[in-house]
1. Considering Leu329, Leu336, which residue is within 58 Å of the chain's Cα centre (by Cα), in contact (Cβ under 8 Å) with a residue 60 or more places away in the chain and crowded, with 19+ Cβ neighbours inside 10 Å?
2. Given Lys255, Lys244, Lys295, which one is under 30 Å from Gly374 (Cβ atoms) and part of a loop (DSSP other than H, G, I, E, B)?
3. Going through the stretch 170-189 one residue at a time, which ones are without any contact (Cβ under 8 Å) to a residue 12 or more places away in the chain, surrounded by 10 or more Cβ atoms within 10 Å (Cβ to Cβ) and among the small types (Gly, Ala, Ser)?
4. Could we say that Ser158 is small (Gly, Ala, Ser), modelled with pLDDT of 85 or more, closer than 28 Å to Tyr46 by Cβ and surrounded by 15 or more Cβ atoms within 10 Å (Cβ to Cβ) here?
5. Tell me, which residue of the stretch 288-316 that is among the hydrophobic types (A, V, I, L, M, F, W, C) and over 19 Å from Ser359 (Cβ atoms) is farthest from the chain's Cα centre (by Cα)?
6. Ala309 is checked against (1) within 28 Å of Leu251 (Cβ to Cβ); (2) surrounded by 13 or more Cβ atoms within 10 Å (Cβ to Cβ); (3) hydrophobic (A, V, I, L, M, F, W, C) and fails just one. What number does that condition carry?
7. Could you figure out which of (1) at pLDDT below 70; (2) under 22 Å from Gly121 (Cα atoms) isn't true of Lys14?
8. Just one of Leu122, Leu145 is closer than 19 Å to Asn95 by Cβ and surrounded by 12 or more Cβ atoms within 10 Å (Cβ to Cβ); which is it?
Amino acid sequence: MKKYLKQIFSDKLKYWLIVAAGFILFILCSTFLNNSKASNYIERPYVDEDDTEVKIEVEGLLEGSQKIEIPVSKRVYSNEEVKEAMKKGMDEILNILPGENTSLQDITTDLNPVSELSDLGLGVKWDFGDGDIIDIQGKVDNENLSESVDIDIGVTLSYESYEESYVIPARVMPKPMSADESLIKRFKDYISVADKKSAGESGFYLPESFEGKKLVYHLEDGMNFHLIWIMGIIVAILLYLREKNNDRQKLEKKKRELLKDYPDIVSKLIVFIGAGLSVRQSWEGIVKDYESENKEKRYAYEEMAKSLARLKTGTPENVVYKEFGRSCLLRQYMKLASLLEQNRKSGISTLSTLLGMESQSAWEERLNLAKREGEELNTKLLLPLFMMLLIVMMMIIVPALLIFY
């Protein structure tokens, strides 16, 4: 038994050490870091803080200890402390109010009137007069000033029911302008005077010159003819892209049609050759059947008709078959042309067998093409389905929203 216990302790030693370390850490924290201490003194929040509640543990009130929460109000100033806070607050106001201005005697941009001094617990109220030059938010309107203006800024500091009011003398300067900005302002002022003088007339003339500079005017509401050549370029680009897209769609349509007709052409060749006709005779028979039965033009058969016309003009068969394969652009037709060309040059006894294998492969490819077209059709049908879903959702959501609003 002792040996067994010894083995347990030795094998699990690191785990036992972790448990022991946990107990030791608990004892240390409880002894040295415990915030709970026997004391009947409650420290209040400072004047710039809010009233709070403190959790305490009371012993002796009832049997055992009781945990309760007691309200604690923030500290309030004495009369002397209020006056001292007002002085500090005024000094802070004089530092904060100028904002980005160098001083209150050289105001050229907006002021920074704060609504409270939170660190001192003081409220602040402002009086900027009628607000023509400085509004209640401290924004300065000095664009039309030609000279400095002296104003008195009223500020009232408050704490609880106690208030003290002060008057701060300030001077607003004309807005600093560059030479160009100053020239534009003078020109606008000149136009404004001319406008007011002719207020009873149907219109007025702008000056032909100003401060020695000859002027030419262009009304902004006139038509911008630059849009014409810009629109011309845009339309030309769109037409070019449309033409390229149409060509791509036509080529894709041609390839699909060629793939669909390929199994039929190979099958017909097998039938005619199996009946004892030569390749040329079989070719001519296929073209005649197409011309007599089909009114709609098919790319593959049209190329066969062109090839037959070249054969009748004396062009060698191997050349005609080779050009036929190239004109159809698909590897299937190039392979068929290669078989017919080899048969013409050296003769292939197994031509019917090779065409049969090619026919089987062609029908499999046509089946795969039909599957792809079906998948594409399903994808195209998703858009109207989503539109219908959106309409149904709007029919449900809109009445529900109208109930609330």
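1. Working: Leu329 fails: crowded, with 19+ Cβ neighbours inside 10 Å.
Criteria check complete, one pass: Leu336.
2. Details: Lys255 fails: part of a loop (DSSP other than H, G, I, E, B); Lys244 fails: part of a loop (DSSP other than H, G, I, E, B).
Going through Lys255, Lys244, Lys295 in turn, the sole match is Lys295.
3. Ser182 - this is the single residue of the stretch 170-189 that is without any contact (Cβ under 8 Å) to a residue 12 or more places away in the chain, surrounded by 10 or more Cβ atoms within 10 Å (Cβ to Cβ) and among the small types (Gly, Ala, Ser).
4. Numbers: small (Gly, Ala, Ser): yes; modelled with pLDDT of 85 or more: yes; closer than 28 Å to Tyr46 by Cβ: yes; surrounded by 15 or more Cβ atoms within 10 Å (Cβ to Cβ): yes.
So Ser158 passes the test.
5. Filtering the stretch 288-316 for residues among the hydrophobic types (A, V, I, L, M, F, W, C) gives 300, 304-305, 308-309, 311.
Subsequent filtering for residues that are over 19 Å from Ser359 (Cβ atoms) retains 305, 308-309, 311.
Values: Ala305: 57, Leu308: 60, Ala309: 61, Leu311: 63 Å.
Looking at residues that are among the hydrophobic types (A, V, I, L, M, F, W, C) and over 19 Å from Ser359 (Cβ atoms), I get Leu311.
6. For Ala309, the failing item is (2).
7. (2)
8. Numbers: Leu145 fails: closer than 19 Å to Asn95 by Cβ.
On inspection, the qualifying residue turns out to be Leu122.
The values are calculated or read from the model by the stated rules, or taken from the named source; none is laboratory data. Values in this document were obtained by computation on a predicted structure and should not be read as measured data. As a convention, Cβ positions derive from the backbone with ideal geometry for all residues, glycine included, and neighbour counts pool all protein chains shown.
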